[in-house]
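Take a look at the structure set out below.
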Amino acid sequence: MIKALISLMSYLLLPASALELPNVFGTTPATNKKEWIEVQRPKTLELFKTHIYGRAPIGKPDTLSFKVVKEDPKAMDGAATLKIIRISYSGPGGESGFNLITFIPNKATKPAPGYLLICNRDPENIDPTRKKKDDFWPAETIVERGYVAATFYNAELSTDKNLNFNNGAHKVFDNYKGKRPGDAWATIAAWAWGASRALDYFETDPTIDASKFAVLGHSRGGKTALWAGANDERFALTISNNSGCTGAALARRKHGERVARINKSFPHWFCGNYNIFDEKEDDLPVDQHQLIALMAPRAVYVASASKDDWADPQGEFLAAAHAEPVYKLFGLKGLETMTMPEPDKPIHTGHIGYHLRTGKHDLNQYDWEQYLNFGDKHLRE
């Protein structure tokens, strides 16, 4: 038992240089930002689509429509205008849609930037009546800081038990002949697709600055936010909160939740091809530092919790740190350190942000304060 604990601690303290990670640029290092944008970035994104997240069968559908189903200009005691928008779409499998909840600050004198939360918890956590308030989505705080507080419930795009991919966006757009392809999109990709459709709406609302929007998620929502930010370069800031395995954490660390475990527990989250890498993380053609690097030159933030070993905080930090060379191509700073910070000592000096919050796997007021502070630097430029 003691020997096992010593072995575990040795691995947790493994220096970054000891990890054999794929080159952040891919097979051919980029020497300038043009090469990254036109060659390496598309190649890297394609590898993630093929082997991990799958590829969506459609982008913005021609059938996409928006309808404001509720509006209250005096929400939050007059501080905000509440709009609930029904986003609808149709395709070969019929029709579907989801509700987008937005609180727009009334004190704004120009189109406001904002934060889009992908809600993976019970919808009572994003109650638009504000009778129930939760630190998971402190909408009042977000509005007070001058930002749009927006969110949607992920299960309206695809339920989190959708093993047969027969509801929501999957039912509408999956039109596969015979066996489902190994690179077909799965649940995480469908949720990320929904985040982009929310951004489509923001572009139509004159009170919202869609070019200054952050996409954010916690846990499985954090995985989704990273995939949304990687695919949709309109998001100005991508935030991953305690996202762990196949989120921000490096797969090759093989610590906490691993690929085989996540594929067994949640077989509907990722594409079928991902199962090839169960217990074979070293065979993956990419790792999560490359996913984070896909956000460059846009801002990205990774956050961990000190008591969330299952999500591998060290692996999350190292992934963010190893994404820095791509940012340097654009003349931008990353974390500028390979030393993990102490708890509650956030790093906000560059275009990559990070903090390790004291506490458990959660999204709370402290996390939001850091994201809003980081947004003040990157969403108000």
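The values are calculated or read from the model by the stated rules, or taken from the named source; none is laboratory data. Note that the coordinates shown come from a computational prediction; the quantities given were computed from them, not determined experimentally. Note that each Cβ is placed from the backbone with ideal geometry, even for glycine, and that neighbours are counted across all protein chains shown.
Values computed for the structure shown
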| quantity | calculated |
| --- | --- |
| Meets criteria (among the small types (Gly, Ala, Ser) and in contact with a Cys (Cβ under 9 Å, 6 or more places away or on another chain)) for residue 186 | yes |
| Count of residues meeting criterion [closer than 18 Å to residue 378 by Cβ and under 9 Å from the mean Cα position of the chain (by Cα)] in region 189-221 | 3 |
| Subset of region 18-41 (residues that are in a loop (DSSP other than H, G, I, E, B), surrounded by 12 or more Cβ atoms within 10 Å (Cβ to Cβ) and touching a residue at least 24 places away in the same chain (Cβ under 8 Å)) | 19, 21, 22, 24, 25, 26, 30 |
| Search result, residues across region 103-114 that are in a strand (DSSP E or B) and of a type in the set (Gly, Ala, Ser) | 112, 114 |
| Odd one out for residue 51, checked against (1) touching a strand residue (DSSP E or B) at 6+ places or on another chain (Cβ under 7 Å); (2) more than 19 Å from residue 196 (Cβ to Cβ); (3) assigned to a helix (DSSP H, G or I) | (1) |
| Pairs with Cβ under 8 Å, 6+ apart, first in region 104-119 and closer than 15 Å to residue 79 by Cβ, second surrounded by fewer than 21 Cβ atoms within 10 Å (Cβ to Cβ) and of a type in the set (Ser, Thr, Tyr) | 104/81; 104/207; 106/81; 108/207; 112/207 |
| Elements of type helices (runs of 4 or more DSSP H) in region 115-226, at least 2 residues being small (Gly, Ala, Ser) and under 19 Å from residue 271 (Cβ atoms) | 168-173, 187-202 |
| Positions within region 93-128 being crowded, with 17+ Cβ neighbours inside 10 Å, among the β-branched types (Val, Ile, Thr) and over 21 Å from residue 227 (Cβ atoms), in sequence order | 101, 102, 104 |
| Matching residues in region 351-363 - criterion: being crowded, with 17+ Cβ neighbours inside 10 Å and either in a loop (DSSP other than H, G, I, E, B) or at pLDDT below 95 (or both) | 351, 362, 363 |
| Selection count, region 73-92, where residues are of a type in the set (Val, Ile, Thr), surrounded by fewer than 22 Cβ atoms within 10 Å (Cβ to Cβ) and over 23 Å from residue 380 (Cβ atoms) | 2 |
| Counted residues, region 138-181 - those being in contact with a Leu (Cβ under 6 Å, 6 or more places away or on another chain) and among the aromatic types (Phe, Trp, Tyr) | 1 |
| Candidate set from region 237-289 (those that are buried (at least 22 other Cβ atoms within 10 Å of the Cβ) and of a type in the set (Gly, Ala, Ser)); member that is farthest from residue 137 (Cα to Cα) | 251 |
